[in-house]
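In what follows, a single structure is set out as structure tokens and then discussed.
Read-outs throughout are calculated quantities, based only on the coordinates presented, and are distinct from any laboratory measurement. All of these numbers come straight from a predicted model, not from anything done at the bench. Please note: Cβ atoms are built from the backbone with ideal geometry, for glycine as well, and neighbour counts cover all protein chains shown.
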Amino acid sequence: MNIILLGPPGAGKGTQAAYIKELKKVPHISTGDIFRQNIKEGTDLGKKAKEYMDKGLLVPDSVVVELVEDRITWPDAKNGFMLDGFPRTIAQAEALDESLAKTGKAIDAVINIDVDFSVLTERITGRRICRKCGATFHVKFNPVKKDGICDICGGELYQRDDDKEETVIKRLNEYQEKTRPLIEFYNKKGVLININGQQDIDAVTKDIEKALK
Ligand code: ADP
Ligand code: AMP
């Protein structure tokens, strides 16, 4: 099954991906995670992406499309994949369709996690991530047992640079202008599944599970 997780920054895509990847036995491909890994390793791709990410802007389509086109050909994606944070523009979505069509594939389900804009800033600024295993927590909505320490692997938690309030506003603007039109794009194709993202994390997971059955 080829799945896309759609939704504004902070909707809960990464959080839900951790469950769905086990359920559907597909790799979780997060373009944001790939960029952050490249920044950590100091690669050319990381340097290029950082220029945009620090400003809360989208990385140019050409850079992201090339990256995803390659990633979905890896052996672990042979029987399906789950994209998180891609596509983010109509041009990216069209390029993905074209690329999949070459091998007779298509997107089967687009899970749109719907959350009111008013709660996103608090979700994003309170997000904390494990440096070691990448698990996502929240200071208020999904707190760890021991301050600053990951419940799963004991790693150190950190706050993403672009999760500071001043950058968040720009990221939400980019979403409104460039990514939101994808809801209608996939609705027209008949693959859109709307999920109420404004419930407990477990309730959101259950709704997604039901929808993907
Ligand atoms: P995205 O990947 O869409 O940017 P995340 O999965 O990282 O979003 O979630 C953003 C923040 O909100 C995280 O700190 C996460 O723990 C928290 N969160 C995720 N889902 C919920 C939810 N249903 N209710 C409250 N907080 C949530
Ligand atoms: P995320 O981890 O999904 O919140 O993404 C973090 C940042 O990475 C975004 O604000 C963008 O700068 C960049 N990014 C991730 N995915 C894409 C994409 N598909 N297109 C353009 N930029 C992206």
**Dipole magnitude of segment 1-88, debye to nearest 20 (Cβ charges: Lys/Arg +1, Asp/Glu -1, about Cα centre)** = 240
**Asked** Along the charge dipole of segment 131-213, which of Gly190, Val204, Cys153 sits closest to the positive end, that is, farthest toward it, with unit charges on the beta carbon of Lys, Arg, Asp and Glu (+1, +1, -1, -1)?
**Response** Gly190
**Item:** Charge dipole (the chain, unit charges on Cβ, about Cα centre) - positive-most of Met53, Gly80, Val168
**Value:** Gly80
**Asked** Between Glu156 and Ala77, what is the spin-label point distance in nm, taking each point 7 Å from the Cα along the Cα→C-beta axis?
**Response** 3.2
**Prompt:** Which value, in debye to the nearest 20, gives the size of the charge dipole of the chain about its Cα centre, when Lys and Arg are +1 and Asp and Glu are -1 at the Cβ?
**Reply:** 400
**Asked** Once you treat every alpha carbon in segment 12-80 as an equal point and sum by Debye, what is log10 I(q)/I(0) at q = 0.19, 0.22 Å⁻¹?
**Response** -0.85, -1.03
**Message:** Need the C-alpha centroid separation for segment 117-146 versus segment 37-61, integer Å.
**Reply:** 22
**Asked** Using the 10 angstrom Cβ neighbour count as an exposure proxy, how do Lys132, Lys146 rank, fewest first?
**Response** Lys146, Lys132
**Complete:** Quick calc, segment 67-127, dipole around Cα centre from Cβ unit charges on Lys, Arg (+) and Asp, Glu (-), nearest 20 debye, gives 180
**Asked** For the pair Lys102 and Asp200, what calculated FRET efficiency results from E = 1/(1 + (r/R0)^6), where r is the Cβ-Cβ distance and R0 = 41 Å, to the nearest 0.05?
**Response** 0.50
**Complete:** Here the percent of antiparallel bridges among DSSP beta bridges lying wholly in the chain, to the nearest 5, is 30
**Likely footprinting exposure, Val119, Val59, fewest C-beta neighbours within 10 Å first** = Val119, Val59
**Asked** How high is the relative contact order of the chain, given as a whole-number percent (alpha carbon pairs under 8 Å, six or more residues apart)?
**Response** 30
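Please label the shape of segment 140-213 as rounded, prolate or oblate, based on the square roots a ≥ b ≥ c of the eigenvalues of the alpha-carbon gyration tensor (a/c under 1.5 means rounded; beyond that, a/b larger than b/c means prolate, else oblate).
Taking the square roots of the gyration eigenvalues as a ≥ b ≥ c, segment 140-213 is oblate.
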**Request:** Give the Rg (one decimal place) followed by the Dmax (whole number) of the chain, computed from C-alpha coordinates and expressed in Å.
**Result:** 16.5, 49
**Per-residue Cβ neighbour rank within 10 angstrom, fewest leading, Ser30, Ser62, Ser118, Ser99** = Ser118, Ser62, Ser99, Ser30
**Request:** Run a plain Debye calculation on segment 84-156 (Cα atoms as equal point scatterers, no solvent) and give log10 I(q)/I(0) at q = 0.12, 0.13, 0.14, 0.27 Å⁻¹, rounded to two decimals, same order as the q list.
**Result:** -0.56, -0.63, -0.69, -1.16
**Request:** Place +1 on the Cβ of every Lys and Arg and -1 on the Cβ of every Asp and Glu in segment 1-96, take the dipole about the Cα centre, and give the residue among Val63, Ala17, Ala93 whose Cα lies farthest towards its positive end.
**Result:** Ala17
